[in-house]
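Colleague: I'd like to ask you about the structure that follows.
The values are calculated or read from the model by the stated rules, or taken from the named source; none is laboratory data. What you see is a predicted model; the values in this text were computed from it and never measured. Positions of Cβ are generated from backbone atoms using ideal geometry, with glycine treated the same way; all protein chains shown enter the neighbour counts.
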Amino acid sequence: MRYATRLATTLGARVVMPDYPLAPEHSWRDSHEALVEHAARWAKEPGGIVVAGDSAGGGIALALAVALRDRGLPQPTHLVLHAPRVDLTESTPDTAVVALQDPWLKITKLRAYAEWWAGSPDDWPVPRCPPR
């Protein structure tokens, strides 16, 4: 919250942080459509919208931008992704190697979070299913 407040103050911008259902009680299906509609509404405002997120939020931001594009809706003026988690399938070969060295990145946690947010391993490769 402090980061968003400082960012808004520094840029003289309005920061909107939507509240949406979280895992493990909810999956991406419970929030994706509402977030896309919310982003599309703000994107129509004068000055447009910057969609941003970090880690899992970066994955959600990218999924929103892709959904807006695919539906022909107003596009974000900018997309800011801080270390986004965009691949639930862990298809990048170095993920397991990096996880062994990274004190923050735990592969077992990543898999659990992916299962919770996706709701089903079948949804892991779905672009609308950003990591959480």
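Colleague: Within segment 20-53, how many residues turn out to be touching a Phe, Trp or Tyr at 6+ places or on another chain (Cβ under 7 Å) and farther than 18 Å from Asp70 by Cβ?
Modeller: Residues that pass the stated criteria total 3.
Colleague: Let me ask something additional. Among the listed residues Glu25, Glu45, Glu115, identify the single one that is surrounded by fewer than 18 Cβ atoms within 10 Å (Cβ to Cβ), modelled with pLDDT of 80 or more and in a helix (DSSP H, G or I).
Modeller: Glu115
Colleague: Also, quick follow-up: Name every residue in segment 1-39 that is in contact with a Pro (Cβ under 6 Å, 6 or more places away or on another chain) and of a type in the set (Gly, Ala, Ser), in order of residue number.
Modeller: Ser31
Colleague: Only one of Val66, Val51 is assigned to a helix (DSSP H, G or I) and either in contact with a His (Cβ under 9 Å, 6 or more places away or on another chain) or closer than 27 Å to Asp122 by Cβ (or both); which?
Modeller: Among Val66, Val51, only Val66 is assigned to a helix (DSSP H, G or I) and either in contact with a His (Cβ under 9 Å, 6 or more places away or on another chain) or closer than 27 Å to Asp122 by Cβ (or both).
Colleague: Sticking with this one: Enumerate the pairs (first residue in segment 86-99 and surrounded by 15 or more Cβ atoms within 10 Å (Cβ to Cβ); second residue anywhere and in a loop (DSSP other than H, G, I, E, B) and β-branched (Val, Ile, Thr)) with beta-carbon separation below 9 Å, excluding pairs fewer than 6 apart on the same chain, so at least 6 apart or on different chains.
Modeller: Pairs found: Leu88/Val126.
Colleague: Just one of the numbered conditions (1) surrounded by fewer than 17 Cβ atoms within 10 Å (Cβ to Cβ); (2) part of a helix (DSSP H, G or I); (3) not small (Gly, Ala, Ser) is not true of Leu35; which one?
Modeller: For Leu35, the exception is condition (1).
Colleague: Just wondering, is there one or more residues in segment 78-88 that are touching a Phe, Trp or Tyr at 6+ places or on another chain (Cβ under 7 Å), at pLDDT below 80 and either closer than 16 Å to Ser27 by Cα or not in a helix (DSSP H, G or I) (or both)?
Modeller: Looking for residues that are touching a Phe, Trp or Tyr at 6+ places or on another chain (Cβ under 7 Å), at pLDDT below 80 and either closer than 16 Å to Ser27 by Cα or not in a helix (DSSP H, G or I) (or both), one finds at least one in segment 78-88, hence yes.
Colleague: May I pose another question? Checking Leu81 against (1) out of contact with any Asp or Glu (no Cβ under 8 Å at 6 or more places or on another chain); (2) buried (at least 16 other Cβ atoms within 10 Å of the Cβ); (3) of a type outside the set (Phe, Trp, Tyr): exactly one of these is not met. Which one?
Modeller: All conditions are met except number (1).
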